[in-house]
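Chemist: My questions will all concern the structure given below.
The values are calculated or read from the model by the stated rules, or taken from the named source; none is laboratory data. Owing to the predicted nature of the structure, the values given are computational and were not obtained by experimental measurement. Cβ atoms come from the backbone with ideal geometry, glycine included; neighbour counts cover every protein chain shown.
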Amino acid sequence: MPVRGGRAIGVEDDSDGYANFFACHYPRVIAMLIAYHGFAPQIAEDATAEAMTRLFRDWNKVDWPSAWVRTVALHEASKLLRQQAVGLPDRDFVDSGAADDLAAAELALMAGSAVAALPKRQQEVMTLTLVDLTPSEIADVLGCTPEQARGNLAHARRSLRNAIQREEGDGGPDAWRGERA
């Protein structure tokens, strides 16, 4: 049976496939909207629910459901934010319960700040990479070639690596270890 976008083509009733997709991706899309785009949790949940509802209607027509649902949810969240005339939070959103320890929380803050300092296209590519999209899927979402997506990803990774190395050299999480040794 031919496969398209990781799913079998010609399956009329693929409700189990959609149910599995929903269970796996619903919380991840909400997390992406909150953590990487700064949307309020309620807006992220509403936008993701709307995207998943639209995906259910067109389940057999969508080639790449992961990329499609993330794109639709992001557009829907932006629309909801404009309609509510509510600004983005003034501070970085950090889920302290997600950090296993202080070092992990510190690293997450440092990485979030470093990603926010990247140029817009590199931010987009890095964000989509962090939610497990491949360069080909990123290219589909952003309307560029996979080579451009890979190039932006390489530049973003290099910039992040340099930013983290500078931070560690300026008293970051590992700097004190070197002083005591």
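Chemist: All but one of (1) closer than 25 Å to Ser159 by Cα; (2) at pLDDT 55 or above hold for Ala104; which doesn't?
Modeler: So Ala104 meets the others, but not (2).
Residue-by-condition table, conditions (1) modelled with pLDDT under 90; (2) within 24 Å of Gly143 (Cβ to Cβ); (3) of a type in the set (Asp, Glu):
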site: Ile9; (1), (2), (3): yes, no, no
site: Val29; (1), (2), (3): no, yes, no
site: Gln42; (1), (2), (3): no, no, no
site: Thr48; (1), (2), (3): no, yes, no
site: Ala51; (1), (2), (3): no, yes, no
site: Ala85; (1), (2), (3): yes, no, no
site: Phe93; (1), (2), (3): yes, no, no
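Chemist: In the list Ala116, Ala99, Ala154, which residue meets the criterion of being at pLDDT below 75 and surrounded by fewer than 16 Cβ atoms within 10 Å (Cβ to Cβ)?
Modeler: Of Ala116, Ala99, Ala154, the one residue that is at pLDDT below 75 and surrounded by fewer than 16 Cβ atoms within 10 Å (Cβ to Cβ) is Ala99.
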